[in-house]
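Q: Got a structure for you, questions after.
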Amino acid sequence: MSRSRTRTALVTGGNRGIGIEICRQLADAGLQVVLAARDTTRGREAARRLKGDGGRVRVEELDVTSGASVTACAERLADAGIEIDVLVNNAGVYPTDSFFALDEAGFRDALDVNLMGAFHTSQAFVPAMAKRGWGRVVNVSSGLGAMTDNVPSPPAYGVSKAALNALTLVVSAAAGPRVKVNAACPGWVRTDMGGSWAPVSVEKGADTAVWLARLPDDGPTGGFFRNRRRIAW
C-alpha cells in the first residue's frame, strides 16, 4: 500500500475477539489504529495490551447504534487532526433465537448493531475518503447472511448480515472506485461469540479483513471475501 503518510484505521468493536486482533495486525503493519469501543474502560485495557506489543493505538468511545455517538467521535478525531483512511466495521451481535421465538426488540437490536452501525460510520467517515481520493472500508459480515443457496440464519443475525452485504454494494457505488469497500467473512472463529470449539483461530479470522484494509490501488471493490477469495453473496 503506497502512501506518503502513515494511514490511520478505525476499528469498531475493537476491544475484544476479532476486533482486537484486527487492531493488532493493522498496528503490526505500521498503521495508526483508533480502537473504538462502547466501553472505554475495556477499550483502554485492550489498548494497553496492543501498546505493549509496540502498536500505536488511540481509544475512542463509540456506540455504533447511536448516530450522535458516531458523529461526536468523528468530530473529536477531526479536532485532533486525525483523518480516517481505513474503516473496519467489526462491531456485531449474534442472537441465536429461532424465528418464532424472536421478539421485535431482539430483531431490532441485531439490525441496529450489525447494519445501522455500519450505516452510521460509513456516512461519517467515507465522504472524506472519497474527497481525498483514497480509502478502505471493510464490513465484517458472515456467510450466514449469504443469499445464494442459503437461508440467512440464525434469523436476526442472518438477515442483518445479508443487509450489511447489500449496504457494502451501496457504499461501494457511492464512494467511487478509489475507495475500496468490501465485506469479509471471517469464518467460525474461536472468540467469546464463536465459542471455544470453533475451528478458526482469531489470527486467521482477522486475516481477510486486514488484507482488505490494505488493498493496493488496483484491488477489488464491492465484493464479499473469505480466506482472501471472493465468495457468493
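Q: What shape does the stretch 54-146 have by the C-alpha gyration tensor, where a ≥ b ≥ c are the square roots of the eigenvalues, rounded means a/c under 1.5, and otherwise prolate means a/b greater than b/c and oblate the rest?
A: Working: a/c = 2.28, a/b = 1.97, b/c = 1.15.
Judged from the Cα gyration tensor, the stretch 54-146 comes out prolate (a/c at least 1.5, a/b above b/c).
Q: Among SER98, SER66, SER141, determine the one that fluctuates most according to a GNM of the chain built with springs between C-alpha atoms less than 10 Å apart.
A: For the chain, modelled as a Gaussian network with Cα springs under 10 Å, the answer is SER98.
Q: Any idea which of VAL171, SER160, GLY223 is furthest toward the positive side of the dipole for the stretch 8-230, if Lys and Arg beta-carbons carry +1 and Asp and Glu beta-carbons -1?
A: GLY223
Q: For the chain, take the longest principal axis of its alpha carbons; what is the angle in degrees between that and the long axis of helix 155-175, to the nearest 10 within 0 to 90?
A: Once rounded, the angle reads 40 degrees.
Q: In addition: Rounded, prolate or oblate: which one fits the chain, using the alpha carbon gyration tensor with axes a ≥ b ≥ c (rounded when a/c is under 1.5, else prolate when a/b beats b/c, else oblate)?
A: Working: a/c = 1.41, a/b = 1.28, b/c = 1.10.
Since a/c stays below 1.5, the shape of the chain is classed as rounded.
Q: Here is a further query. Express the relative contact order of the chain as a whole percentage, based on alpha carbon pairs under 8 Å and six or more residues apart in sequence.
A: 19 percent
Q: Separate question: Can you check what the net charge comes to around TRP233, using other residues whose Cβ is under 15 Å from the Cβ of TRP233 (Lys, Arg +1; Asp, Glu -1)? Can you show the working numbers first?
A: Details: positive: LYS161, ARG226, ARG229, ARG230; negative: ASP149.
Surrounding charge for TRP233 is +3.
Q: Of VAL64, GLY17, ALA29, which is farthest towards the positive pole of the chain's charge dipole, taken about the Cα centre with +1 and -1 on the beta-carbons of Lys, Arg and Asp, Glu respectively?
A: Final value for the positive-end residue is ALA29.
Q: Using a/c under 1.5 as the rounded threshold, could you call the stretch 122-214 rounded, prolate or oblate? The axes a ≥ b ≥ c are square roots of the C-alpha gyration tensor eigenvalues, and prolate needs a/b larger than b/c, oblate otherwise. Don't jump to the answer; show the numbers that get you there.
A: Working: a/c = 2.72, a/b = 1.56, b/c = 1.74.
It is oblate, given that a/c is not under 1.5 and a/b is not larger than b/c.
Q: Where the only charges are on Cβ atoms (+1 Lys, Arg; -1 Asp, Glu), what is the dipole of the chain about its Cα centre, to the nearest 20 debye?
A: Computed about the Cα centre, the dipole is about 920 debye.
Q: Turning to a different aspect of this structure: Enumerate lysine pairs in the chain that are 8 or more residues apart or on different chains, then count those whose Cα atoms are under 22 Å apart.
A: Numbers: LYS51/LYS204; LYS131/LYS180; LYS161/LYS180; LYS161/LYS204; LYS180/LYS204.
Counting lysine pairs in the chain gives 5.
Q: Label ASP28 and ARG229 with points 7 Å out from Cα along Cα→Cβ: what is the distance between them in nm?
A: 2.3 nm
The numbers here are math on the coordinates, done by the rules we state, and not lab data. This is a predicted model, so every value here is computed, not measured. Every residue, glycine among them, receives a Cβ derived from its backbone with ideal geometry; neighbour counts consider all protein chains shown.
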